[in-house]
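Please read the structure below before turning to the comments.
The values are calculated or read from the model by the stated rules, or taken from the named source; none is laboratory data. Bear in mind that the values here come from a model prediction, so they are computed numbers and not experimental data. Cβ placement follows ideal geometry from the backbone for every residue including glycine, while neighbour counts extend to all protein chains displayed.
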Amino acid sequence: MEALGAAAGLLLALCLLAFCLYCCYVKYIHAKYDHIPGAPRASFFLGHLPIFWGMLGKQEFVHDLFLQWAEKYGPVVRLNAFHRVSIMVLSPEGVKEFLMSPQYPKDRFVYGRIYNIFGERFLGNGLVTVCNHEHWHKQRKIMDPAFSRTYLMGLMETFNEKAEELMEKLEEKADGKKEFSMLTMMNRVTMDVIAKVAFGLELNALSDDQTPFPHAVTMVLEGMTQMRIPFLQYMPGKQKLVKEVQESARLLRRVGRECLEQRREAIRSGKEDTLDILTQILKGDALEETRDDENILDNFITFFVAGHETTANQLSFTVMALAQHPEILERLQAEVDDVLGAKRDLDYEDLGKLTYLSQVLKESLRLYPPVPGTLRWIDKEHVVSGIRIPAKTTLVFSTYIMGRMEKHFKDPLTFNPDRFSKDAPKPYYCYFPFSLGPRSCIGQAFAQMEAKVVMAKLLQRFEFELVPGQSFKLLDAGTLRPLDGVMCKLKPRSVARSCQE
Ligand code: HEM
């Protein structure tokens, strides 16, 4: 009994010691970074976390608070969470220095968190999350040809075909009364597109997105949002969700594996010459001495995750902005009528003629970037805007914040596509919705072609109206998306009808 008491006493003493040591360490970290401007910490241990958690609970948008801090504290702002400190760098010079160079890797601590999802391998070492430069470079070199101009031109047929299927679904709703979420519809079409062009899969999410594969993609995205809540995996009320997300991650990998086997078989028997992303991945794989199927599956999932929701969010934010700005919508419809008339499908050449549509899409990405920013890790000390940042620190870069600062964009909260007209000055390292430098988005041109085809057809065929009472708030669900899903009502456009008659 006595021995038990002594052991308990010793354990308590050790815990107390560990706690005191941790307090000293947190204090040391504070001293190391407190010369960097930042908002007062809400708690000694938790730093700014209670402020963020409080906002999350009220569905408030934390990036707007960061914007206020950027305005108040300047271009280098400190963020505390436990003993970790991240520094927001919001000067064009800082963005240029760190994003344009291959020297600064992505932050392992943050990107590593989506290697697995609730214990199941998820994005692993795929192209978005891989932090090791050599490993990333090898993969990127293999993938680049699948995103070359020649290859993308060949995708116009699929973009047109899938966008046309979307139009058919929208026609069924276009009675001026039915209310539906534009975000949902855009998610379905972009999922069908990426499945087809990346892996030759016909998902038909537009007809039914509750079939197992599209549902699994939606579930893992939901899992990515939810896993940011600390200890969620262990909460009794969340076990059903956790299980469903784990099963979804397994299902995606299983389908990926089947797809891989079938394609290998087709290549072996000389049947296959599709130049899609999968063929490209397999070609690269053939050059490797060690075959790493798990890495291939990482990329299978990565392309589904990175390649559809982002574009869907951009498209629905654009519809939201246009419905709020009738004069811009009218000008855009005039351009589409002028370039397309009643023509059903777009040619590659038409895309270049839709210049105002390009401007509208760019302006939409300034105010509503689906990916708000990126992170880098510095191993050595740096001085940014005259402020010393200690070695071994995470740097945060935000196009959302910089895109909304008066300093960089006059009257920043006004939706004005003319900022991106041919003669307007180009934004200098303060606008990077696709990131910048070597780790920038490989799918940028792909996404903007797809977005243009979908938007042009939508504008050609329909008048849209927003259902009243929506908040127009943004939701940070890993990517930024419209909180209310852009609820719309549609009517066929009389211009398009008369063109077709
Ligand atoms: C509007 C649509 C899109 C936006 C706004 C967007 C944005 C971005 C951003 C900001 C990054 C950098 C991420 C980071 O630093 O962590 C990125 C990377 C990436 N994106 Fe996109 N993206 C879009 C569409 C696409 C599409 C359609 C694909 C695939 C077909 C794609 C595939 C990727 C991949 C593979 C990477 C990692 C690139 C690398 O590190 O080499 N994205 N994207």
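I'm trying to understand the selection: among the residues of region 91-125, which are hydrophobic (A, V, I, L, M, F, W, C), within 18 Å of the chain's Cα centre (by Cα) and under 30 Å from Arg257 (Cα atoms)?
Correct list: Val110, Ile114, Ile117, Phe122, Leu123.
Looking only at region 144-174, how many residues end up being outside any helix (DSSP H, G or I) and either closer than 29 Å to Ile281 by Cβ or modelled with pLDDT under 95 (or both)?
3
Which residues, taken from region 235-246, are within 27 Å of Glu294 (Cα to Cα) and over 23 Å from the mean Cα position of the chain (by Cα)?
Gln239, Lys240, Lys243
Which numbered condition trips up Asp276, out of (1) modelled with pLDDT under 85; (2) surrounded by fewer than 19 Cβ atoms within 10 Å (Cβ to Cβ); (3) not β-branched (Val, Ile, Thr)?
Condition (2) is where Asp276 drops out.
Confirm whether Phe19 is assigned to a helix (DSSP H, G or I), free of Cβ contacts under 8 Å to residues at least 24 places away in the same chain and under 29 Å from the mean Cα position of the chain (by Cα).
no
Sort through Ser421, Ser471 and tell me the only one that's touching an Asp or Glu at 6+ places or on another chain (Cβ under 8 Å), more than 11 Å from the ligand (Cβ to nearest atom) and on the phi < 0 side of the Ramachandran plot.
Of the residues listed, the single one that is touching an Asp or Glu at 6+ places or on another chain (Cβ under 8 Å), more than 11 Å from the ligand (Cβ to nearest atom) and on the phi < 0 side of the Ramachandran plot is Ser471.
Restrict the check to region 357-372 and report whether at least one residue is in contact with an Asp or Glu (Cβ under 6 Å, 6 or more places away or on another chain) and modelled with pLDDT of 95 or more.
no
Just name the residue that is farthest from Met449 (Cα to Cα) out of those in region 159-195 that are crowded, with 19+ Cβ neighbours inside 10 Å and of a type in the set (Lys, Arg).
Only one residue fits best here, namely Arg188.
When you scan region 226-238, how many residues do you find that are at pLDDT below 85 and either in a helix (DSSP H, G or I) or on the phi < 0 side of the Ramachandran plot (or both)?
3
Out of the residues in region 198-256 that are touching an Asp or Glu at 6+ places or on another chain (Cβ under 7 Å) and within 16 Å of the ligand (Cβ to nearest atom), state the one that is nearest to Lys169 (Cα to Cα).
My answer is Ala205.
Whether any residue in region 53-62 is part of a helix (DSSP H, G or I), modelled with pLDDT of 95 or more and either surrounded by 12 or more Cβ atoms within 10 Å (Cβ to Cβ) or on the phi < 0 side of the Ramachandran plot (or both) is what I want to check.
Looking for residues that are part of a helix (DSSP H, G or I), modelled with pLDDT of 95 or more and either surrounded by 12 or more Cβ atoms within 10 Å (Cβ to Cβ) or on the phi < 0 side of the Ramachandran plot (or both), one finds at least one in region 53-62, hence yes.
Would a scan of region 285-294 turn up a residue that is touching a residue at least 40 places away in the same chain (Cβ under 8 Å), more than 25 Å from Cys131 (Cβ to Cβ) and touching a strand residue (DSSP E or B) at 6+ places or on another chain (Cβ under 8 Å)?
no
Somewhere in region 445-464, is a residue at pLDDT below 95 and either at negative phi or crowded, with 19+ Cβ neighbours inside 10 Å (or both)?
yes
Return yes when Arg188 is in a helix (DSSP H, G or I) and more than 16 Å from the ligand (Cβ to nearest atom) and no when it is not.
no
Being more than 29 Å from Thr129 (Cβ to Cβ), surrounded by fewer than 21 Cβ atoms within 10 Å (Cβ to Cβ) and within 14 Å of the ligand (Cβ to nearest atom): is that true of Ser358 here?
In short, yes.
Has region 470-481 got at least one residue that is crowded, with 20+ Cβ neighbours inside 10 Å and over 30 Å from Ile36 (Cβ atoms)?
Yes, because at least one residue in region 470-481 is crowded, with 20+ Cβ neighbours inside 10 Å and over 30 Å from Ile36 (Cβ atoms).
Of all residues in region 368-386, which are away from the ligand (no atom under 13 Å from the Cβ) and crowded, with 16+ Cβ neighbours inside 10 Å?
Passing the criteria: Ile378, His382, Val384.
Applying the selection to region 428-454, what residues are within 7 Å of the ligand (Cβ to nearest atom), within 13 Å of Ser358 (Cβ to Cβ) and among the aliphatic types (A, V, I, L, M)?
Those that are within 7 Å of the ligand (Cβ to nearest atom), within 13 Å of Ser358 (Cβ to Cβ) and among the aliphatic types (A, V, I, L, M): Ala447, Ala451.
Go through region 25-41 and give me each residue that's exposed (fewer than 10 other Cβ atoms within 10 Å of the Cβ) and in a helix (DSSP H, G or I).
Selection gives Ala31 alone.
Rundown of residues vs (1) within 10 Å of the ligand (Cβ to nearest atom); (2) touching a helix residue (DSSP H, G or I) at 6+ places or on another chain (Cβ under 9 Å); (3) over 16 Å from Gly307 (Cα atoms); (4) aliphatic (A, V, I, L, M), yes/no style:
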| position | (1), (2), (3), (4) |
| --- | --- |
| Val130 | yes, yes, yes, yes |
| Glu134 | no, no, yes, no |
| Tyr151 | no, yes, yes, no |
| Glu157 | no, no, yes, no |
| Lys162 | no, yes, no, no |
| Met167 | no, yes, yes, yes |
| Ala174 | no, yes, yes, yes |
| Lys178 | no, yes, yes, no |
| Ser181 | no, yes, yes, no |
